[in-house]
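Shown next, in structure tokens, is the structure this report addresses.
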Amino acid sequence: MKKREFLKNISLAVLGAPFYGSALASCADEAAKTSPTKLATNEDFWLKVRGDYKLKPDYINLESGYYNIIPTPTLNALHKHIDTINYEGSFYMRTKRVADKKRMSEKLAKVIKSPAKNVIITRNTTESLDMVIKGMDWKPGDEAVFAEQDYGAMRVMFEQVANRFGVVNNIVSVPNHPKSDQEIVDLYANAITPKTKLLMVCHMINITGHILPIKKICQMAHSKGVKVMVDGAHCIGHFEFDMKDLECDFYGSSLHKWLAVPLGTGLLYVADEHIDTLWPIFASHSTGDGNIAKLNHTGTNPVYHDLSIENAIDYYNMLGGARKEARLRYLQEYWTKQLRNIPKIIVNTPIESHKACGIANVGIEGIIPTDLAKKLMDDYKIFTVGINGKVVRGCRITPNVFTTTDELDVFVNALKEMAAA
């Protein structure tokens, strides 16, 4: 109880205090002098970072996976963008909008180490990947491969192309605790036939946090003449990677998750050789061969959200991708290590550090995941989400950079109490 009261007082203080500057900016020099691994365990530093967030004091938020609360500096920038665009009106939309969006996509491309010519801004991962699935030139008898752990919106789109074009869907199931990378590669390889046209795979499985060996899967699929589309909804701003090193054909992500951009922002990457093979969702004026802009005609949209991408990236860069990744992985391992050997508690996320980062999933034998999430909220004031799937049954736990180890102690003790009951 004392810990919860302490954390509640911190949150109320942040809400009530006027905002004069970024808490992170005030301790950036300190961060630069410390290794990411060492800084990950420095609770005083991360408590200062927490000062950049306005957090509701009613509960401990362990559900950052759906939507990341954006830090105050980015939120303030969003408000300024709204004011500016409303002030300039059509003048802005006709004279500045296109150039500004191009600048945003160029800055975004640098985060994933991709050429800007292969990246467009979308609204979310669903739009990005459905654009690929729906945009392919399917023929009756073509086949697609994906997993039952993949996100529902994309699985439903594959069902639609199956019903519409006669595509055959081959569905695999990814083990929660594979013995090796090769086990995962072989799983997908065995589902491929001479008729397979597209393979979809998660970079990080959203319900377990399992990071899959994407490069190895892509190399295997390409050796069989199959294109690979990667669902990276939870990856950009979560852990560092090089798009070129993945060797994938398509990649989609949601920026409102771990990059902490306002809602309604996503990314689609398309390799050069595939840009002209996709039909755009909305018909576009001719942009010339190989121009990814043809896929980016969406009509009038809330452009101030797109403008905030730059501010979110500036904040992310100030924090440092390696430092953020180290902290998120530390938080996940802080609580999972305490629960992995407790009777009745099941951790559905690999133990190896390189196979996970900030997201993990945990369940208790005999308790339905949705009931577990409800009990955590009702009895312990911990907000999370229950996942009751065929293979994964538990609550997805997604701490953030504002999460404290004191909060995770409350969560760990709650799980132990429920498991012992």
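Starting from the Cα of K101, draw a straight line to each of the aspartates and glutamates and keep only those under 18 Å, dropping any in the same chain fewer than 8 residues away.
Qualifying aspartates and glutamates at Cα under 18 Å: D83, E88, E127, D306, E310, D314.
Could you list which residues have their amide H under 5 Å from that of I60, counting only those 5 or more apart in sequence or on another chain, with H placed in the peptide plane?
I382, F383
Say each of K179 and I82 gets a label point 7 Å from the Cα, pointing the same way as Cα to Cβ; how far apart are those two points in nm?
Here the modelled spin labels are 5.5 nm apart.
How long, wide and thick is region 160-291, going by the Cα atoms along their three principal axes, in whole angstroms, largest first?
Dimensions of region 160-291 along the principal axes of its Cα atoms: 49, 39, 29 Å.
Can you put R103, R323 in order of Cβ neighbours within 10 angstrom, beginning with the fewest?
R103, R323
Once the piece of chain linking K374 and M93 is laid out straight, how much longer is it, given 0.36 nm per residue of separation minus the C-alpha distance between them?
Full-extension gain reported as 96.6 nm.
Starting from the Cα of K294, draw a straight line to each of the aspartates and glutamates and keep only those under 12 Å, dropping any in the same chain fewer than 8 residues away.
D276
What is the magnitude of the charge dipole of region 99-156 about its Cα centre, with +1 placed on the Cβ of each Lys and Arg, -1 on the Cβ of each Asp and Glu, and no other charges, expressed in debye to the nearest 20?
In total the dipole reaches around 560 debye.
Roughly what % antiparallel, to the nearest 5, for the DSSP beta bridges in the chain?
Roughly 50 percent of the beta bridges in the chain run antiparallel, per DSSP.
Under a crude label model (7 Å from the Cα following the beta-carbon direction), how far is A322 from N169 in nanometres?
4.2 nm
Suppose every K and R has +1 on its Cβ and every D and E has -1 on its Cβ; what is the size of the dipole of region 312-421 about the Cα centre, in Debye to the nearest 20?
Here the size comes out at about 320 debye.
Show me, for region 142-155, the HN-Hα J-couplings you get by feeding each phi into the Karplus relation (A = 6.51, B = -1.76, C = 1.60, θ = phi - 60°), rounded to Hz, glycine and proline as x.
4, 10, 10, 10, 7, 10, 5, 7, 5, 5, x, 4, 6, 4
Search the structure for amide H atoms under 5 Å from the amide H of N169, placed 1.01 Å from N in the peptide plane, and list their residues when 5 or more places away or on another chain.
When sequence neighbours closer than 5 places are left aside, the close amide H contacts are A144.
What number, rounded to the nearest 500 deg cm²/dmol, is the helix-based mean residue ellipticity at 222 nm of the chain, given -39500 (n - 2.57) per DSSP H run of at least four residues and division by all its residues?
The helix-only estimate for the chain comes to -13500 deg cm²/dmol at 222 nm.
Taking the Cα centre of region 76-314 as the origin and placing charges on Cβ (Lys, Arg +1; Asp, Glu -1), which of V185, A77, W258 is farthest toward the positive end of the dipole?
A77
How many times 2.2 N^0.38 Å is the alpha carbon radius of gyration of the chain?
1.00
With respect to the cross-link table entries K375/K416; K48/K324; K113/K244; K179/K257, which display a Cα-Cα separation exceeding 18 Å?
Over 18 Å apart, Cα to Cα: K179/K257.
Tell me whether region 42-138 comes out rounded, prolate or oblate; compute the Cα gyration tensor, take square roots of the eigenvalues as a ≥ b ≥ c, and use a/c under 1.5 as the rounded threshold.
oblate
Please get the size of the charge dipole for the chain, origin at its Cα centre, with Cβ charges of +1 on Lys and Arg and -1 on Asp and Glu, quoted in debye to the nearest 20.
Its charge dipole is roughly 300 debye.
Relative to a virtual label point 7 Å from the Cα of N413 in the Cα→beta-carbon direction, which members of region 348-384 show backbone nitrogen distances below 19 Å?
From region 348-384, the list is 375-384.
Each reported figure results from applying straightforward, stated rules to the coordinates on display, with no laboratory input. Worth saying up front: this structure is predicted, and the values here are computed from it rather than measured. Please note: Cβ atoms are built from the backbone with ideal geometry, for glycine as well, and neighbour counts cover all protein chains shown.
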